[in-house]
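The values are calculated or read from the model by the stated rules, or taken from the named source; none is laboratory data. Not measured: the values here are computed from a predicted model. Note that each Cβ is placed from the backbone with ideal geometry, even for glycine, and that neighbours are counted across all protein chains shown.
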């Protein structure tokens, strides 16, 4: 299944203190029910509004759909049955004897009193097309035979490899074949919920599974169900519940547990019963594929926290901004950024300047660039009037604004982020606006006013500007061409650099430092090999261009 869920908050990127552009309501109080664990903390951190989520969902989907079809169980706790000959009686007996008995009476589930909201979701419109691309992708197939892929799949390999015949099911094939070929054959959605009662893992929702999937669910449930809970209401009392309540089943295969439930209209899976219940109660499931889009990642600003609300408000975006992807051959490529604009559009359209591309290091993991309309005069009162939506009538000027971010995979490491402002004349006003407690390193570089979170970050930008290290003008031709195309919002993710760094940081965060050794530590060969393999992944670029009241998507990449 997908790895641990992201924290649904942006990091506090900059010490913004000057103007109260909005006052979103705080999260209502509410106790987390006993079944829900606290939100996961520590590495890896979430990536800027789903950038990392998009990448990790793609990698996770590859591992989930491909599994380790031909290998046996490995890793601690993976003591499930190996894939033996179909219908081997001895194997079937061993598997069934190892499973605990199913309960005779279901437990009543304690339902949270506070509602939750979808924060981030991924819609897979063409599951078969995505599976075929992953199965035919040479990089994915190679990694699944290396420590990187084996470590990612972990104990789920035995789960996916277990034969239905060994479980005593009425169908043939591995659990993988049932999950990928029947349960997830129709379009489905992966949802991370946000709120006081979030469980930290996503729900997988299949809104229209079809009769074959329903029959397969019932057959699988009959042989692997080892617990059952009944919920008589939805979180916060929102949503329709059958008269007998929602039945949530705990499946156990090869020492891996999965919660599942179905109604007459949908099937839901999750690692925790709470997210399965949230998936059953979620009313907004209009999964309709846009043209030439196979996978779509969406987010809602309000559940993500104040920083996300602030960003979308400043940009003048409406709800439901989506990052779109398509399958071309064996590759997942960016299609662009789609969404509606708010009542007060604040985005212009223009290409990114060569000065900006010269300033951004080529290895930058995350780049967000905007063509932002702001008042000619930047001061507290003017900005307050402009952002209040009260029909500001003063002069405006388009500023080219970019944020570069190097996410780190350990909370012990400092935040590495910088704001690049395309009009140095605004430096004094920006100093008043960004006047929080966190000291910013400032400089004028390549015709931009730069505010960086650390001296190291500022030095990295300075070297790129001076040509001492590669910058984005040195990137692959299609990437440079895509960044130079007119756009309103440009979002670039160097997936190789991003995932390689996060993996290395995550590894070192789990290895205690030896105070007796002052020399630089060296990672094990398999960690270095995995990092190098990840760094071969391509650059994915997404662009949205204002056209009337919407963003027209466009994509590019290496």
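Taking the conditions exactly as written (in contact (Cβ under 8 Å) with a residue 60 or more places away in the chain and closer than 22 Å to residue 450 by Cβ), does residue 502 satisfy them or not?
Details: in contact (Cβ under 8 Å) with a residue 60 or more places away in the chain: yes; closer than 22 Å to residue 450 by Cβ: no.
No, not satisfied.
Could you check residue 286 against (1) outside the structural domain of residue 201 (by TED's automatic domain parsing); (2) touching a residue at least 12 places away in the same chain (Cβ under 8 Å) and say which number it fails?
Looking at each condition in turn, residue 286 falls short on (2).
Are any residues in segment 260-274 in a strand (DSSP E or B) and surrounded by fewer than 23 Cβ atoms within 10 Å (Cβ to Cβ), and if so, which ones? Show your work before the answer.
First, pick out the residues of segment 260-274 that are in a strand (DSSP E or B): 260-262, 267-270.
Those that are in a strand (DSSP E or B) and surrounded by fewer than 23 Cβ atoms within 10 Å (Cβ to Cβ): 260, 262.
Test residue 290 against the criterion of being assigned to a loop (DSSP other than H, G, I, E, B) and under 26 Å from residue 378 (Cβ atoms), and give yes or no.
no
Looking only at segment 202-246, how many residues end up being touching a strand residue (DSSP E or B) at 6+ places or on another chain (Cβ under 6 Å) and part of a loop (DSSP other than H, G, I, E, B)?
3
For residue 335, state whether it is over 27 Å from the mean Cα position of the chain (by Cα), buried (at least 18 other Cβ atoms within 10 Å of the Cβ) and under 20 Å from residue 481 (Cα atoms). Even if it seems obvious, please write down each step before you answer.
Values: over 27 Å from the mean Cα position of the chain (by Cα): no; buried (at least 18 other Cβ atoms within 10 Å of the Cβ): yes; under 20 Å from residue 481 (Cα atoms): yes.
Here the answer is no, as residue 335 does not meet what is asked.
Could you tell me which numbered condition residue 293 fails, if it satisfies all but one of (1) within 18 Å of the chain's Cα centre (by Cα); (2) without any contact (Cβ under 8 Å) to a residue 24 or more places away in the chain?
If we test residue 293 against (1) within 18 Å of the chain's Cα centre (by Cα); (2) without any contact (Cβ under 8 Å) to a residue 24 or more places away in the chain, just (2) comes out false.
With part of a helix (DSSP H, G or I), buried (at least 17 other Cβ atoms within 10 Å of the Cβ), in contact (Cβ under 8 Å) with a residue 60 or more places away in the chain and in the same structural domain as residue 350 (by TED's automatic domain parsing) as the only criterion, which of 430, 383, 419, 367 stands out?
On the way: 430 fails: in contact (Cβ under 8 Å) with a residue 60 or more places away in the chain; 419 fails: part of a helix (DSSP H, G or I); 367 fails: part of a helix (DSSP H, G or I).
Answer to the check: 383.
Could you list, in sequence order, the residues of segment 128-155 that are closer than 30 Å to residue 207 by Cβ, touching a helix residue (DSSP H, G or I) at 6+ places or on another chain (Cβ under 8 Å) and buried (at least 17 other Cβ atoms within 10 Å of the Cβ)?
Within segment 128-155, 130, 131, 134, 137, 140, 144, 152, 153 meet the criteria.
Taking only segment 433-447 into account, find how many residues are touching a residue at least 40 places away in the same chain (Cβ under 8 Å) and either touching a helix residue (DSSP H, G or I) at 6+ places or on another chain (Cβ under 6 Å) or not assigned by TED's automatic domain parsing to the domain that holds residue 496 (or both).
So the answer is 3.
For residue 277, are the conditions met, namely being in the same structural domain as residue 220 (by TED's automatic domain parsing), part of a helix (DSSP H, G or I) and over 23 Å from residue 154 (Cβ atoms)?
yes
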